[in-house]
Amino acid sequence: MNDNKPPQVTDLKEAQLLINQLWLMINSLTEEVHSLEKQIKDQKGKLSKNSKNSSKPPSTDGYNKPDPKSQRKPSERSSGGQPGHKGSTLKKVDKPDSVEISHLDACSHCSASLEATPVLATEHRQVFDLPKVALHVTEHQVEVKRCTCCGEKSKSEFPKNVTSNTQYGINIQAILTYFSQYQLLPYKRIQEMFKDIFNVSLSQGTIKNVLSRGSGKLDGFIDQTKKALLNSPINHFDETGMRVDTGLHWLHVASNENLTYYFLHESRGRIAIDEMGILPDYQGYAMHDHWLSYYTYFECIHLLCNAHHLRELIYASEQYGQIWPTQLIQCLLDIKNAVEEALDEDLSSLTEEQLKEFNQQYDEILTQGKAEIPILVKEKKKGRAKRHKSHNLHARLEEHKDEVLGFMNNLLLPFDNNLAERDVRMAKLKQKISGCFRTEGGGEIFSRLRSYISTVRKQGVNQFDALVDLFNNDPFIPSVN
């Protein structure tokens, strides 16, 4: 029997019944097609997200790197050093550490002896190199004497940093910390480096103990850094996921041009931010990426990251073919360029005409853009109707206009939150190189030491010298003002 053969209809009643069945089947298939089309569209939308049009990190792009979408205008200058640029190279020193003379004993032409011939002139070349590195062992001795007056014994004291019969010195502890916490080397590679370069065999337990000891000396630095951040007129805030053992924790950062403070917590939201102890009492400008937990703090003045907005606008333009995102991208970049030109001219603000024009342009683009945003059909009887994804972005840009354009109204305010993103990026790099933290204690040690290293680097202090001072119980302490 052929199943594809159409059914034979003998009367009108059978025909009507068949039509009804086909009608129900067509409706069911149509609904299924619409559902599958929606799923396909959603999946395409997810697959089309990359580091250029969303907040996804570049590492997730894989081998299919997106075409560059830089918002910078092309420069007319050629690459490399520009005319008039003063180059830099090694310069000879007046007093070298050592001098090696190549004596001329015989004539290069006739081979006659020149040992007794006076030198007419000398030519000089200098080689800059490191001396051979070798472990230097210092033995500290204390004296014991008996008093000739009272007959009792007395003993002199060891230096404060000499606490064990054998121990590694401050320089080794500082170098170890530098390579672990700044260069982000895992323990095994630190062991290999110390063995190959210094001929020192370190255990991983020793490395852990050194880092723990350094972290324990930072209480004064941490307290002063938090006070300085609270007194700062502008701070940047961000957070990123970090693996601790088998769970997900969050590394929070509060930072500015001179200070960095990291705080690791199992929560991403308000519980962690409260325990971090910056935002609850902060009254300055807080730049962030619209994470809603930040908006539960009302003492500060909020600013939103426009780098995030540009990426989301690019996505809305590419994915949904809407015009308003492209127009708003250009508007934001025009304002940014105007602000940069005003700063170059040492102006304190944009002109009234510029402010009026940019405000009007911003409002008009969003007003006209509403007509481009599709209205989704309400699928359920109860609850709020689902909104189109571009609607959420549009609503944020419209409702939080002051936070978006803060950099336009006050030229001292930043355009984006890139400073905080750069601060957390190195922490993510640590995880890629060395893996997750095995314990919360290890994550806390990293957060404290990395806060110290990042801060001294921003302050222009040599990081190795600062670590030497740390292990010498004299850590760098930032100024509160």
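The values are calculated or read from the model by the stated rules, or taken from the named source; none is laboratory data. Because the structure is predicted, anything quoted here is derived from the model rather than measured. As a convention, Cβ positions derive from the backbone with ideal geometry for all residues, glycine included, and neighbour counts pool all protein chains shown.
Here are the numbers for this structure:
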item	result
Of all residues in the range 181-207 being touching a residue at least 24 places away in the same chain (Cβ under 8 Å), surrounded by 13 or more Cβ atoms within 10 Å (Cβ to Cβ) and more than 23 Å from the chain's Cα centre (by Cα), the one that is nearest to L429 (Cα to Cα)	I207
Matching entry among V244, V253 (being under 27 Å from L397 (Cα atoms), in contact (Cβ under 8 Å) with a residue 40 or more places away in the chain, surrounded by 18 or more Cβ atoms within 10 Å (Cβ to Cβ) and not small (G, A, S))	V253
Selected residue (criterion: surrounded by the most Cβ atoms within 10 Å (Cβ to Cβ)) from residues of the range 289-344 that are β-branched (V, I, T) and under 23 Å from N410 (Cβ atoms)	I335
Residue match in the range 315-329 (condition: in contact with a Phe, Trp or Tyr (Cβ under 9 Å, 6 or more places away or on another chain) and of a type in the set (D, E))	no
Within the range 120-139, considering residues that are within 29 Å of R213 (Cβ to Cβ) and surrounded by 10 or more Cβ atoms within 10 Å (Cβ to Cβ), the one modelled with the highest pLDDT	L135
Filter result for I477 (β-branched (V, I, T), in the same structural domain as Q204 (by TED's automatic domain parsing) and crowded, with 23+ Cβ neighbours inside 10 Å)	no
Pairs where the first residue, in the range 451-472, is in the same structural domain as Q183 (by TED's automatic domain parsing) and within 17 Å of Q224 (Cβ to Cβ) and the second is in a helix (DSSP H, G or I) and modelled with pLDDT under 95, C-beta under 6 Å, 6+ apart	I453/Q181; I453/Y182
Matching residues in the range 393-410 - criterion: being among the hydrophobic types (A, V, I, L, M, F, W, C) and surrounded by fewer than 15 Cβ atoms within 10 Å (Cβ to Cβ)	A395
Failed item in (1) closer than 28 Å to H400 by Cα; (2) among the charged types (D, E, K, R); (3) surrounded by 13 or more Cβ atoms within 10 Å (Cβ to Cβ), with E275 passing the rest	(3)
Residues satisfying the stated conditions in the range 425-451, i.e. surrounded by 20 or more Cβ atoms within 10 Å (Cβ to Cβ) and in contact with a strand residue (DSSP E or B) (Cβ under 6 Å, 6 or more places away or on another chain)	A427, F437, G443, S447, R450, S451
Residue under evaluation F263, criteria (1) assigned to a strand (DSSP E or B); (2) over 20 Å from N417 (Cα atoms), criterion not met	(2)
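A quick yes/no check of all residues on (1) at pLDDT 95 or above; (2) touching a Leu at 6+ places or on another chain (Cβ under 7 Å):
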position: T166; (1), (2): no, no
position: L176; (1), (2): yes, no
position: E192; (1), (2): yes, no
position: V210; (1), (2): yes, yes
position: S215; (1), (2): yes, yes
position: V244; (1), (2): no, no
